[in-house]
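Worksheet: the structure to be examined is printed underneath.
The values are calculated or read from the model by the stated rules, or taken from the named source; none is laboratory data. Here the structure is a predicted model, which is why all the values come from computation and not from measurement. Every residue, glycine as well, gets a Cβ built from its backbone with ideal geometry; the counts of neighbours run over all protein chains shown.
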Amino acid sequence: MLNSIHSPADIKQLDLSELQSLADEIHQFLISSVEKTGGHLASNLGTVEMSIALHYVFDTPKDSIVFDVGHQAYTHKILTGRKDKMHTLRQKNGLSGFTKRQESEHDSFGAGHSSTSISAALGIAIANGINHSNGKSIAVIGDGALTGGMSFEALNHAGDSETDLLIILNDNDMSISKNVGAMNKYLTKLISGKMYSTMKNKSLSFLEKMPRMHEFAKRSEEHLKGMVLPSTLFEELGLEYYGPIDGHDLPTLIKTLKNLKAQNKPRLLHLITKKGYGLDRAENDPCKFHGIAPASDDSSTLDSYSNVFGRWLINTASNNKDLIAITPAMCTGSGMSKFEQKFPDQYFDVGIAEQHAITFAGGWQHKV
């Protein structure tokens, strides 16, 4: 099946059972390919079905799909004619590990950094309106990237714009490091309220009689951010909110996206996905499999720069109580895990908020 897919037009000829077979093949292809080249494995395994559904319903490049960061767009690359080049991923003169406009007309916006997708997709959407284009604009953003301040600047603008924009929240509750901040706590608080608890308890006995629904409900519980509440953060910002739905259920994804395609106001679809989906070791340790080295890479026997930096940080902080460590949601990747354990009062994870991190550090330095 996969070898017959050379463009998004090819998948539009498939029925649902064939689409599911295609998804299964892509999962296996990604595991085999990325373990050889290195790259972002867990995040891409979690977005296979979503990417297939998007290309089945929408028509790129007329419609624009903007992937936040772009590291989770491998299936998008495969479906847009780049499967035979996946062996060159992240190599010189090979495929980029992110979306890249110079690489394909289907890559509507370049990326590489977090929290930019909503701004870019909104700009495209407004331009479509001014130019009387009937193209759709879709932003795909993860729950981790949603902690970035730029995302909320864009949401604030989008909700007030009445523009034809679709935002897809890919919620796997597993960015590179644990999500932090008041917004994450607020979203969690919504699902712990009395109204949700009452509905949950009354629904439990019914769901237990439907094994698949019960399984999804359990996965949904910690992600159910406002579904049963009359007012959510997104609706207060002026966005129509839909979901959450199972981000691995192709029939539901396709039906929902078709319905949302027919609308022309700012709207957000909340998907629940599992990072590393389909590969047990990646599901059990998504942080480890967020980015992996090539199979032939012998770097595992070498000390990493992050580990060297982490040890230096600990040694220096042992003699300097004024030294603090600030990370933008990259505790593990920055080599700060052990520092956090040893000096919790000198460690600050500010979320994906580099502007705030730098100015916060300046304020700290001003008083020490």
Going through (1) in contact with a Lys or Arg (Cβ under 9 Å, 6 or more places away or on another chain); (2) modelled with pLDDT under 75; (3) over 19 Å from SER117 (Cβ atoms) one by one, GLY291 fails only at (1)
Residue check, THR37 at pLDDT below 95 and either acidic (Asp, Glu) or touching a Leu at 6+ places or on another chain (Cβ under 9 Å) (or both): yes
Regarding THR99, is this residue surrounded by 19 or more Cβ atoms within 10 Å (Cβ to Cβ) and at pLDDT 95 or above? no
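For segment 49-73, give me the residue count where each residue is closer than 24 Å to ILE352 by Cβ, part of a helix (DSSP H, G or I) and out of contact with any strand residue (DSSP E or B) (no Cβ under 7 Å at 6 or more places or on another chain).
Counting residues in segment 49-73 that are closer than 24 Å to ILE352 by Cβ, part of a helix (DSSP H, G or I) and out of contact with any strand residue (DSSP E or B) (no Cβ under 7 Å at 6 or more places or on another chain) gives 1.
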So, restricting to helices (runs of 4 or more DSSP H) that lie completely within segment 303-368, which ones have at least 2 residues that are under 21 Å from GLY149 (Cβ atoms) and not hydrophobic (A, V, I, L, M, F, W, C)? 354-367
Single residue of segment 13-68 satisfying the filter (within 22 Å of GLY97 (Cβ to Cβ), without any contact (Cβ under 8 Å) to a residue 40 or more places away in the chain and of a type in the set (Ser, Thr, Tyr)) that is surrounded by the fewest Cβ atoms within 10 Å (Cβ to Cβ): SER32
Filter segment 235-258 down to the residues that are out of contact with any strand residue (DSSP E or B) (no Cβ under 7 Å at 6 or more places or on another chain), under 20 Å from GLY159 (Cβ atoms) and of a type outside the set (A, V, I, L, M, F, W, C) and list them by number. GLU236, GLY238
All but one of (1) more than 25 Å from LYS274 (Cβ to Cβ); (2) buried (at least 18 other Cβ atoms within 10 Å of the Cβ) hold for HIS71; state the number of the condition that does not hold. (1)
Restricting the search to segment 327-360, which residues are touching a Phe, Trp or Tyr at 6+ places or on another chain (Cβ under 9 Å) and aliphatic (A, V, I, L, M)? MET336, VAL350, ALA353, ALA357
Positions within segment 87-96 being of a type in the set (Lys, Arg) and surrounded by 14 or more Cβ atoms within 10 Å (Cβ to Cβ), in sequence order: ARG90
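Considering only segment 119-147, state which residues are part of a helix (DSSP H, G or I), in contact (Cβ under 8 Å) with a residue 12 or more places away in the chain and more than 16 Å from ASN170 (Cα to Cα).
SER119, ALA120, LEU122, ILE124, ALA125, ILE126, ASN128, GLY129
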Could you please let me know if MET336 is touching a helix residue (DSSP H, G or I) at 6+ places or on another chain (Cβ under 8 Å) and under 19 Å from SER114 (Cβ atoms)? yes
From the options GLY112, GLY81, GLY159, GLY97, residue that is within 30 Å of GLN355 (Cα to Cα) and in a helix (DSSP H, G or I): GLY159
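Listed here are the residues, each with its yes/no results for (1) of a type in the set (Gly, Ala, Ser); (2) under 19 Å from SER51 (Cβ atoms); (3) at pLDDT 95 or above.
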residue: SER104; (1), (2), (3): yes, yes, yes
residue: ALA121; (1), (2), (3): yes, yes, yes
residue: ILE130; (1), (2), (3): no, no, yes
residue: GLY135; (1), (2), (3): yes, yes, yes
residue: GLY142; (1), (2), (3): yes, yes, no
residue: PHE152; (1), (2), (3): no, no, no
residue: HIS157; (1), (2), (3): no, no, yes
Cβ-Cβ under 8 Å, sequence separation 6+ or interchain: first residue in segment 236-264 and in the same structural domain as ASP59 (by TED's automatic domain parsing) and polar (S, T, N, Q), partner modelled with pLDDT of 90 or more and part of a helix (DSSP H, G or I). Which pairs? none
Among the residues in segment 31-46, are any among the charged types (D, E, K, R) and not in a helix (DSSP H, G or I)? no
